[in-house]
Amino acid sequence: MSTIIGDWTRKIIVTDSQVSDDDSDTKNFENEKVFRVPQGLLAGAGDFISIQTVVEYFKEGKKGKAPIIKDVDDADFMLLTNDGLYFSGKDLRFQKVPTYDALGSGTMAALSAMVLGHTAEEACWAATKSDLYSGGDVRVYSLDSKVFTVWSRDAI
């Protein structure tokens, strides 16, 4: 899956860069997990095809009927806007989160680090060291920037 952390206080989304494919037992570090949509930044963890369908729905201004994600194709979403940080399961019923939260297989590692006072970047890095489906670069996405930055633990 992934590790995706939203931090409303800093208005950022932080992700790992690993995408895993259980069907082929492969992984890569090239696919995006965060997408710019008219509302802000939309991130997804889970079934990649389902995520792409939801991204297109948002990019088209959420016109028409919302996509239906099959039970076997699980996916979770995070939306960061100027008004707040929102989370949803595959039902696309977004709920506002007051501070920070995480989704994906690295959620427990990430939230454990954050409750101990670590930044979202440090928490994501910690998840890449312990979660089988998280790895690679730690990427930071901001509402204020059109491109992500790569965070390095050595830079602190």
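Leaving ligands, DNA and RNA out of it, work out the accessible area of residue 29 with a 1.4 Å probe and give it in Å² to the nearest 10.
For residue 29, the solvent-accessible surface is approximately 80 Å².
What does the charge dipole of the stretch 1-63 about its Cα centre add up to, to the nearest 20 debye, if the Cβ of each Lys and Arg holds +1 and the Cβ of each Asp and Glu holds -1? Mind dumping the intermediate values first?
On the way: 8 positive and 11 negative charges, 122 e Å.
Approximately 580 debye in magnitude.
Taking the dipole about the Cα centre of the chain, with the C-beta of Lys and Arg at +1 and of Asp and Glu at -1, give me whichever of 141, 28, 44 is farthest to the positive side.
Result: 141, furthest along the dipole toward the positive end.
Which percent of the accessible heavy-atom area of the chain goes to carbon and sulfur, probe 1.4 angstrom? Don't skip to the answer; put the middle values down first.
Working: 4320 of 8480 Å².
Roughly 51 percent of what the probe reaches on the chain is carbon or sulfur.
In nm, to one decimal, how far is the residue 27 label point from the residue 149 one, both placed 7 Å along Cα→Cβ?
For residue 27 paired with residue 149, the spin-label model returns 2.6 nm.
Please compute the length gained on full extension between residue 115 and residue 95, using 0.36 nm multiplied by the number of residues separating them and subtracting their Cα-Cα distance.
Numbers: separation 20, 0.36 × 20 = 7.20 nm, distance 2.07 nm.
Contour length minus Cα-Cα distance gives 5.1 nm.
Which lysines does residue 65 reach when only Cα atoms under 18 Å apart count, and residues fewer than 8 places away in its own chain are ignored?
Within reach: 90.
For the chain, what does the accessible surface come to per residue with a 1.4 Å probe? Please give it in Å².
Numbers: 8480 Å² over 156 residues.
I get 54 Å² per residue for the chain.
Which residues' amide hydrogens lie under 5 Å from the amide hydrogen of residue 90, considering only partners 5 or more residues apart or on another chain, with H built in the peptide plane?
Those lying under 5 Å, H to H, from residue 90 are 75.
Using Cα centres only, tell me the gap between the stretch 66-90 and the stretch 19-49 in whole Å.
Between the Cα centre of the stretch 66-90 and that of the stretch 19-49, the gap is 13 Å.
Any of 33/62; 70/96; 63/129; 70/146; 27/70 with alpha carbons more than 30 Å apart? Name them for me.
From 33/62; 70/96; 63/129; 70/146; 27/70, over 30 Å: 63/129; 70/146.
log₁₀ I(q)/I(0) of the stretch 69-134 at q = 0.24, 0.29 Å⁻¹, via Debye over equal Cα point scatterers, no solvent, to two decimals?
Treating every Cα as an identical point scatterer, log10 I(q)/I(0) equals -1.06, -1.16.
Tally Lys and Arg at +1 and Asp and Glu at -1 over the other residues with C-beta under 14 Å from the C-beta of residue 3: what net charge comes out? Please list the in-between numbers first.
On the way: positive: 27, 33, 129, 139; negative: 7, 16, 76, 101, 121, 122, 131, 137.
So the environment of residue 3 carries a net charge of -4.
Let me check the size of the stretch 1-115 from its C-alpha atoms; what are the radius of gyration and Dmax in Å?
So, for the stretch 1-115, Rg and Dmax equal 13.6, 40 Å respectively.
List the GluC sites (Glu not before Pro) in the stretch 38-147 that DSSP assigns to loop (not H, G, I, E or B) and whose Cβ has at most 15 other Cβ atoms within 10 Å. Which are they? All intermediate terms of the calculation are to be shown ahead of the outcome.
Numbers: sites: 56, 60, 121, 122; in loops: 60.
Qualifying residues, ordered by number: 60.
Note down the magnitude of the dipole of the stretch 1-142 about its Cα centre, charges +1 on Lys and Arg C-beta and -1 on Asp and Glu C-beta and zero elsewhere, to the nearest 20 debye. Intermediate results must be reported in sequence, preceding the final value.
On the way: 15 positive and 22 negative charges, 146 e Å.
Computed charge dipole of the stretch 1-142: roughly 700 debye.
The values are calculated or read from the model by the stated rules, or taken from the named source; none is laboratory data. Not measured: the values here are computed from a predicted model. Neighbour counts are summed over all protein chains in view; Cβ atoms, including those assigned to glycine, are modelled from backbone coordinates with ideal geometry. Protein only, heavy atoms only, side chains kept; ligands, DNA and RNA dropped before computing areas. Shrake-Rupley method; radii C 1.70, N 1.55, O 1.52, S 1.80 Å.
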